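K.L.:
Dropping the structure in here first, questions after.
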Amino acid sequence: MITAEWKPIEEMVGYLRGHKKVLVIGCATCVAECAAGGEREVETLAPLLAMAMQNDGNPIEVKSATLERQCEPEFLEAIAEAAAEADAIVSVACGIGMQLVAERYADTSLYPGVNTTSLSIREEPGLWTSRCAACGDCVLGFTFGLCPVARCAKSLQNGPCGGTRTNGMCEINEDTPCIWRLIVERATARGRLEDLTKVRPPKNWSNSPAGGPKRMLREDLRS
Amino acid sequence: MANNSTADFQPQITLLYCRQSLAAEAKPVQGNRSGDGFSARLVLLPCSSKVQLPHLMRLLEQGSDGLQIAACPEKACQHLVGSNRAEKRIARGRELLEQVGMGAERLGLDRGAGLSLDDLMEMAGQRAEAVRALGPNPMKGV
Ligand code: SF4
Ligand code: SF4
C-alpha cells in the first residue's frame, strides 16, 4: 500500500489562516490501511482543525468527507457540492489523490494534510515497513524476493556494505534489518549463495523516478 | 446555559464509563448529574475500548470542557486488551489536544473496579479539577 503520515497540525494551521470554510477529505483505500487518511482519521482531524484554528484566533467552519478512492476521477464527484462551498480543502490522501482533487477543483485551495512516504506493508499492528520504491527495473528475481532498493539505506545492488551491525541490523537504524544480510541468509538456505556472485546486467535506473516523470502508454487500451 | 467566565467556571465533564467497572449491585446510570463545582454527563459503554478518537474529538469540538473515561483494571477487561487499547488511544488523543492548544488534561482515563455512582462522580470531579486550570473550552458556543 501507499503509506502517508499526518503533517504536524501546526503546519496545517499555517496553511489555513485566512480561510473560513474548510473541507477535510480522506480516501478509504491505502491511506485508510495505514491509519492516516481513512474515515476515522478524517473524523478525528476535522474537529482537531476546528479547535486548532479557534485557538489560533482564526475560526473556521469545517466539513468532512471520505471518498472511496481519491485517485480515480469518478469518485471525486461525490464532493462536488461540498467543494463548491469550501474555500480550502485539506486532503489526507496520498499525493496522487491530492493532485487529482487539485485538478478537479482547481478554483479551491488544496493543502496536504499528510506527507506521502512509502510503498509499504503492515508488518504488525501499528508498524509499516517499506517494500518497494517503484524503481522501474525489478531485481527481486536476483535477490531472492527481498528488495535492495527500498530496503537498503544505500540501495546497494551488491551488498552488504561494511556497516551491518553484529546483530544483523542496518547501521542506519537498529530496528531495521540489513536487507543484504537477509538476502544472503535466504540464498544460503536455498543452497544458492553462489548465485549472488554472478555478474548481472546493469540496472536500468532511467525507468525509475530519477529518470523523470513516468508516462505509461498502452495503445491497445486506448479509445 | 454555558458559563464562559473563568472566575465561576463550572466545568462540564463527559464521563464515559465501562459498565463492567460498576459494582455488581450498582444500577447503570446515564445523563446529567451535578457535582461540587462541576457537572457531569454520564455515558454508559459496553467496554472502554468502544471509545474512538473521532467521537472524543467531536465531544470536545461541541464544547464539553473535559472527557473522563472509566475503564476496568488492566487484567480485568472482559475483552482482555480492550482497556489497554482505550488507554493507548487516550494517550494519542492527549498528544493531539496538546498540539491544537486545547491542553492534554481535557482528556483522561482512570481504572477502577466495583465502582459506585459516587466513585464515578469523584472521577469526573478529578477531571474537572484538572480542566479548571485550562479554563472553559474555547469551542463553547461556537
Ligand atoms: S527492485 Fe524495484 S520494483 Fe522491485 S521491489 Fe524493489 S523497488 Fe520495487
Ligand atoms: S547495513 Fe545493510 S541495509 Fe544497511 S546500508 Fe549496509 S547493506 Fe544496506
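K.L.:
Work through the residues other than B:Glu129 whose Cβ is under 14 Å from its Cβ and net out their charges, Lys, Arg +1 and Asp, Glu -1. Walk me through the intermediate numbers first.
P.N.:
Details: positive: B:Arg106, B:Arg127, B:Arg132; negative: B:Asp36, B:Asp65, B:Glu105, B:Asp110, B:Glu122.
With Lys, Arg at +1 and Asp, Glu at -1, the net is -2.
K.L.:
Follow-up. Tell me the total accessible area that A and B bury against each other, 1.4 angstrom probe, in square angstrom rounded to 100.
P.N.:
On the way: alone 13100 and 7570 Å², together 19300 Å².
Rounded to the nearest hundred, the buried surface is 1400 Å².
K.L.:
Roughly speaking, to the nearest percent, how much of chain A's 1.4 Å accessible area is carbon and sulfur?
P.N.:
Numbers: 6330 of 12410 Å².
Answer for chain A is 51 percent, counting heavy atoms of protein chains only.
K.L.:
Along Cα→Cβ, 7 Å out, is where each label goes; now give me the distance between the ones at A:Ala84 and A:Arg17 in nm to one decimal.
P.N.:
With each label placed 7 Å out from Cα toward Cβ, I get 3.3 nm.
K.L.:
Please compute the per residue accessible area over region A:124-223 with all protein chains in place, 1.4 Å probe, rounded to a whole number of Å². The partial results should precede the final answer.
P.N.:
Details: 6970 Å² over 100 residues.
Each residue of region A:124-223 exposes 70 Å² on average to a 1.4 Å probe.
K.L.:
Using Cα pairs under 8 angstrom and six or more residues apart, how large is the relative contact order of region A:137-203, in percent? Present the calculation step by step, with values, prior to reporting the outcome.
P.N.:
On the way: 58 pairs, mean separation 19.4, N = 67.
Reported relative contact order: 29 percent.
K.L.:
Taking 8 Å as the Cα distance limit and 6 or more residues as the minimum spacing, I'd like the relative contact order of region A:49-159 as a percentage. Could you put the intermediate results ahead of the total?
P.N.:
On the way: 116 pairs, mean separation 16.1, N = 111.
Relative contact order comes out at 15 percent.
K.L.:
Tell me, what HN-Hα J-couplings in whole Hz come from the Karplus equation 6.51 cos²θ - 1.76 cosθ + 1.60 at θ = phi - 60° for each residue of region B:93-100, using x for Gly and Pro?
P.N.:
x, 5, 4, 5, 5, 5, 4, 8
K.L.:
At 222 nm, what value in deg cm²/dmol follows for chain B if DSSP H runs of at least 4 each add -39500 (n - 2.57) and the sum is divided by all its residues, to the nearest 500?
P.N.:
-10000 deg cm²/dmol
K.L.:
Counting only protein heavy atoms and a 1.4 Å probe, tell me what percentage of chain B's accessible area is made up of carbon and sulfur. Walk me through the numbers before you get to the answer.
P.N.:
Details: 3340 of 6890 Å².
That fraction is 49 percent.
K.L.:
Are there residues in region A:18-66 whose accessible area shrinks by at least 20 Å² when all protein chains are included rather than the chain by itself, and which are they (probe 1.4 Å, ligands and nucleic acids not counted)?
P.N.:
A:Arg40, A:Glu43, A:Thr44, A:Pro47, A:Leu48, A:Ala50, A:Met51, A:Gln54, A:Asn55
K.L.:
Tell me, which residues of region B:59-80 get at least 10 Å² less accessible area when the other protein chains come in, versus the chain alone (1.4 Å probe)?
P.N.:
B:Glu61
K.L.:
When all protein chains stay in place, what accessible area (Å², nearest 10, 1.4 Å probe) is found for B:Thr14?
P.N.:
Rounded to the nearest 10, the figure is 10 Å².
K.L.:
Work from the charge dipole of region A:2-117 (Cβ charges, +1 for Lys and Arg, -1 for Asp and Glu, about the Cα centre) and give the residue of A:Gly57, A:Met98, A:Leu23 farthest towards its positive end.
P.N.:
Looking along the dipole axis, the top candidate is A:Gly57.
K.L.:
Can you give the translational diffusion coefficient of chain A in µm²/s, computed by Stokes-Einstein from the Kirkwood radius over Cα pairs at 37 °C and 0.692 mPa s?
P.N.:
Translational diffusion coefficient: 164 µm²/s.
K.L.:
Amide H of A:Ser91: which non-local residues (sequence gap of 5 or more, or other chain) have their own amide H closer than 5 Å, using H built in the peptide plane?
P.N.:
A:Ile25, A:Tyr111, A:Gly113
K.L.:
What residues qualify as long-range amide H neighbours of A:Trp128, i.e. H under 5 Å apart, gap of 5 or more or another chain, H built at 1.01 Å from N?
P.N.:
So A:Trp128 has HN proximity to A:Glu123.
K.L.:
Place a +1 charge on the Cβ of each Lys and Arg in the protein assembly as shown and a -1 charge on the Cβ of each Asp and Glu, then give the dipole magnitude about the Cα centre in debye, rounded to the nearest 20. Could you put the intermediate results ahead of the total?
P.N.:
Numbers: 41 positive and 44 negative charges, 222 e Å.
The dipole of the protein assembly as shown has a size of about 1060 debye.
K.L.:
Working out 0.36 nm times the residue gap between B:Glu25 and B:Asp118, then minus their Cα-Cα distance, what length gain in nm do you get to one decimal?
P.N.:
Numbers: separation 93, 0.36 × 93 = 33.48 nm, distance 1.33 nm.
Result: 32.1 nm gained on full extension.
K.L.:
Please give the residues from region B:97-119 for which the solvent-accessible area of heavy atoms, probe 1.4 Å, is smaller by at least 50 Å² with all protein chains in place than with the chain isolated.
P.N.:
Listed in order, they are B:Val100.
K.L.:
Could you give the Stokes-Einstein D for chain B in µm² per second, using the C-alpha Kirkwood radius, 25 °C, 0.890 mPa s? Can you show the working numbers first?
P.N.:
Values: Rh = 15.0 Å.
In µm²/s, the coefficient rounds to 164.
K.L.:
May I ask you to derive the relative contact order of region B:11-132, considering only C-alpha pairs under 8 Å and at least 6 residues apart, and to give it as an integer percent?
P.N.:
Result for region B:11-132 is 34 percent.
K.L.:
Moving on. Given Cβ point charges of +1 (Lys, Arg) and -1 (Asp, Glu) and nothing else, what value in debye, to the nearest 20, does the dipole of region B:11-132 about its Cα centre take?
P.N.:
That gives region B:11-132 a dipole magnitude of about 460 debye.
K.L.:
Please give the per residue accessible area of chain B, computed with a probe of 1.4 Å over protein heavy atoms only, in Å².
P.N.:
Working: 6890 Å² over 142 residues.
That works out to 49 Å² for each residue.
K.L.:
Once amide H atoms are built 1.01 Å from N in the peptide plane, which residues 5 or more positions from B:Leu42, or in another chain, come under 5 Å H to H?
P.N.:
Here the answer is B:Leu15, B:Gly31, B:Asn32, B:Arg33, since their amide H atoms fall under 5 Å of that of B:Leu42.
K.L.:
Once both labels are modelled 7 Å past Cα along the beta-carbon direction, what's the A:Asn207-A:Thr188 spacing in nm?
P.N.:
3.2 nm
K.L.:
Can I ask one more? Please work out the ratio of the alpha-carbon Rg of region A:2-117 to 2.2 N^0.38 Å and round it to two decimals.
P.N.:
Cα Rg divided by the expected 2.2 N^0.38 Å: 0.94.
K.L.:
Roll a 1.4 Å probe over the protein chains and send me the accessible area per residue for region A:64-122 in Å². Don't jump to the answer; show the numbers that get you there.
P.N.:
Details: 2900 Å² over 59 residues.
Normalised by residue count, the accessible surface of region A:64-122 is 49 Å².
K.L.:
At what distance in nm do the modelled label points of A:Leu127 and B:Lys88 sit from each other, each positioned 7 Å from its Cα along Cα→Cβ?
P.N.:
Distance between label points: 1.1 nm.
K.L.:
Then there is this: So between A:Arg200 and A:Asp175, what do we pick up on full extension, going 0.36 nm a residue minus the alpha carbon distance? Write out the running numbers ahead of the final one.
P.N.:
Working: separation 25, 0.36 × 25 = 9.00 nm, distance 3.03 nm.
Here the answer is 6.0 nm.
K.L.:
Further question: In a shell of Cβ-Cβ distance under 13 Å around B:Ser48, excluding B:Ser48 itself, what net charge do Lys and Arg (+1) and Asp and Glu (-1) give?
P.N.:
For residues surrounding B:Ser48, the net value is +3.
K.L.:
Related question: Might you report the magnitude of the Cβ-based charge dipole of region A:137-203 about its Cα centre, with Lys and Arg at +1 and Asp and Glu at -1, to the nearest 20 debye? Walk me through the numbers before you get to the answer.
P.N.:
On the way: 10 positive and 7 negative charges, 43 e Å.
The calculated dipole for region A:137-203 is roughly 200 debye.
The values are calculated or read from the model by the stated rules, or taken from the named source; none is laboratory data. Small disclaimer: the values here were computed from a predicted structure and weren't measured. Ideal geometry is used to build each Cβ from the backbone, glycine not excepted, and the neighbour counts take in all protein chains shown. Please note that ligands, DNA and RNA were not included when accessible areas were found on the heavy atoms of the full protein model with its side chains. Shrake-Rupley method; radii C 1.70, N 1.55, O 1.52, S 1.80 Å.
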